[in-house]
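Only one structure is covered here, and it is reproduced in the block below.
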Amino acid sequence: NWHLKENARDHHTSKMSSEELIVRRGQPFTVTFNGTLQPEQNITFIAETGPKPSALAKTQATFGISSTASKESWSAVLQSASSSSVSVSISSPPKAAIGRYRLSVQSPASGSSSPASLGTFVLLFNPWSSGDDVFMPNKAECEEYVLEEFGIIFAGNKNHISRFGWNFGQFQGDILNICLSILDRSLYHRQDPATDVSRRNDPKYLGRVLSAMVNANDDQGVVLGKWSGKYEDGKDPSSWTGSGEILQNWKKSGYKPVRYGQCWVFAAVLTTVLRCLGIPTRMVTNFSSAHDADANLRVDEFYDADGNHLERGADSVWNFHVWNESWFTRSDLGPSYSGWQVLDATPQEESGGIYQCGPTSRKAVKEGEVDLEYDCPFVFAEVNADCMYWNYDPKTGKKTLIFNKSTEIGQLISTKAVGRDDRVDITNDYKYEEGSKKEREIFKKARKKMGLEDKFDPTAPTQQEVDQKPDISGKFKVAGPLQVGQDLSLVLVLANLQSDAKTVHAKMTAWSTLYTRRPVGEV
């Protein structure tokens, strides 16, 4: 008798739909089995996980009945014994590997015969337990970031934030099994199953593995990304409303990538998987998000003499980009870098040879500590790169800086409030106030750590170019109603920033773009 109801209540797993025992590590659970127990008998339990369980790798534990539960290792304490059954309380260590375990029992009475199997159970991370790397002291946050099945995703652009709901469904039918099979299909597991399983005690490791597995690049992962606007052979990314259907489809198809996703779909599916496994996780939207492809902490955009955008260089600025934050300690970096960690499953740049990103300490991003693991320069640039707008002449190859902006990137960084559907602005957790002396100091520190301040950087503008202030500024205003499928009226408002009169020749171009600001068609 696994005491499913009582154990689930104590371990915050009551919402899971399963006939199997699901418990959290570092906390006792009760099991009753038939048989008699003489006081002098010393029975032995064996708990093991993975394809090659070993005591050395901490994927196999052998333990007898003791008088008190251990804090550091697997242990069993006798609860009660009658003439026909025995109840024991079994405790796992707070750093045990998570996953599906096999539990068996051996008694001296059975001689040298093999242990009797009691069955299987699943062990998860435990944010309610202070010994766990994912411990979250605030109970309301545990409820929101582990147990909440519905969320709000923010999208749109910095001038008009839109929102839509999402069903994470981390406790639906088969989702836990699918999440465990995602781990078993990762490149890390295929290369070395035993080591991979032994490392599943570490949320840093699992976060990184899952950021790779949620996208289909490299490893036949869950979701295939597509940004072209043509989705006939799959599903339009904006038509999904929950993760359950995506994960079920992946399994049903024999683990073929589900078509198609864009950033919020990758982030939402990763939220589902991490919450399911017990790692507190939330979705974060960054408006005017930089994709710095050449790692110089700058986004370079090129225009010709007519003002047409040129496809030169791979840098881009997305209207919005969605990633995840997960909560755990950083024993590798030190206590000040623990807390929220950035994970990003959208395949943008390779890291360690495959499309994965994070965990990046949010604190490290704010302090410009771009030399700290993992992928800190990329995340730093997403929220704080400088924008450089160049005039490029294809005939001569000459480029001149039109103007630069250091306050454009990383605006209105947003997440859903705890227990409410409101938007919370967390921009100040990623950087010091934009344009402040401190923020500029951190930006220079980051460039210096990356060796960009000292050596010659061909993309760097001259100081003269940077200091040069424009003498005219302009902006488009929309005149009249904006309706999809109808023409639009734009008014160009120009301002003379100097005192002398000017005669101006202006060339105007307008393009429709995707949310990644990739031009689609000239208007």
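The values are calculated or read from the model by the stated rules, or taken from the named source; none is laboratory data. Predicted model, so just to flag it, every value in this text is computed and none were measured. A quick note on method: Cβ atoms are made from the backbone with ideal geometry, for glycine too, and the neighbour counts reach across all protein chains shown. Please note that ligands, DNA and RNA were not included when accessible areas were found on the heavy atoms of the full protein model with its side chains. Shrake-Rupley method; radii C 1.70, N 1.55, O 1.52, S 1.80 Å.
A simple charge model with +1 on the Cβ of Lys and Arg, -1 on the Cβ of Asp and Glu and nothing else charged puts the dipole of the chain at about 480 debye relative to its Cα centre. Distance from the alpha carbon centroid of region 314-381 to that of region 89-134 works out to 33 angstrom. Computed from backbone phi, the HN-Hα couplings of region 161-169 come to 7, 10, 9, 8, x, 8, 9, 5, x Hz, rounded to whole numbers (Karplus: 6.51 cos²θ - 1.76 cosθ + 1.60, θ = phi - 60°; Gly and Pro given as x). For PHE125, the shell of other residues with beta-carbons less than 14 Å away shows a net charge of +4, using +1 for Lys and Arg and -1 for Asp and Glu. Considering only VAL122, VAL31, ILE90, and ranking their Cα positions along the charge dipole of region 4-124 that arises from unit charges at the beta-carbon of Lys, Arg, Asp and Glu, the one farthest toward the positive end is VAL122. Computed from phi, the 3J(HN,Hα) profile of region 136-141 under the Karplus parametrisation 6.51, -1.76, 1.60 (θ = phi - 60°) reads 10, x, 7, 5, 5, 6 Hz, with x in place of Gly and Pro. Of the accessible area of region 105-165, computed with a 1.4 Å probe over protein heavy atoms only, carbon and sulfur atoms account for 52 percent. What part of the accessible area of region 293-394, given as a whole %, is carbon or sulfur when the probe is 1.4 angstrom? Taking all protein chains in place, region 293-394 shows 46 percent carbon and sulfur surface. So what is the calculated 222 nm ellipticity per residue for the chain, using -39500 (n - 2.57) for each DSSP H run with n of 4 or more, over all residues, to the nearest 500 deg cm²/dmol? Using -39500 (n - 2.57) per qualifying helix, the result is -5500 deg cm²/dmol.
Using per-residue counts of other Cβ atoms within 10 Å, averaged over each peptide, order 68-81, 90-103 from highest down.
Details: 68-81: 14.9, 90-103: 20.7.
Ranking, from highest mean packing down: 90-103, 68-81.
Pairing the Cα long axis of helix 437-449 with the longest principal axis of the chain, what angle in degrees results, from 0 to 90 and rounded to the nearest 10? Roughly 70 degrees, rounded to the nearest 10.
By how many nm would the segment from PHE476 to TYR231 lengthen if fully extended, with 0.36 nm per residue of separation less the alpha-carbon distance? List each step's numbers first, then the result.
Details: separation 245, 0.36 × 245 = 88.20 nm, distance 3.23 nm.
So the extension gain works out to 85.0 nm.
Among the listed options (1) 1.30; (2) 1.07; (3) 1.16, the one matching Cα Rg over 2.2 N^0.38 Å as calculated from these coordinates is (3). Restricting attention to the chain, close to 85% of DSSP beta bridges with both partner residues there are antiparallel.
Distant-in-sequence amide contacts of VAL258, defined by a placed amide H-H separation under 5 Å and a gap of 5 or more residues or a different chain, comprise VAL223, LEU224. Surface analysis of region 471-522 yields an accessible area of 83 Å² per residue, using protein heavy atoms and a 1.4 Å probe. For region 471-522, carbon and sulfur atoms together expose 53% of the accessible surface, with a 1.4 angstrom probe and every protein chain in place.
Within 15 Å, Cβ to Cβ, of GLY397, how many net charges do the neighbouring residues add up to if Lys/Arg are +1 and Asp/Glu are -1? Residues close to GLY397 contribute a combined charge of +1.
Taking a sphere under 11 Å around the Cβ of ILE178 and counting the other residues whose Cβ falls inside, with K and R at +1 and D and E at -1, yields a net charge of +1. Using a probe of 1.4 angstrom and keeping all protein chains present, the accessible surface of region 324-408 works out to 36 square angstrom per residue. Using a ≥ b ≥ c from the Cα gyration tensor of region 245-391 (square roots of the eigenvalues), is it rounded, prolate or oblate, where a/c under 1.5 gives rounded and otherwise the larger of a/b and b/c decides, a/b for prolate? Judged from the Cα gyration tensor, region 245-391 comes out oblate (a/c at least 1.5, b/c at or above a/b). For GLY339, the amide hydrogen comes within under 5 Å of the amide hydrogens of PHE328, THR329, ARG330, counting only partners 5 or more places away or on other chains and with H modelled in the peptide plane.
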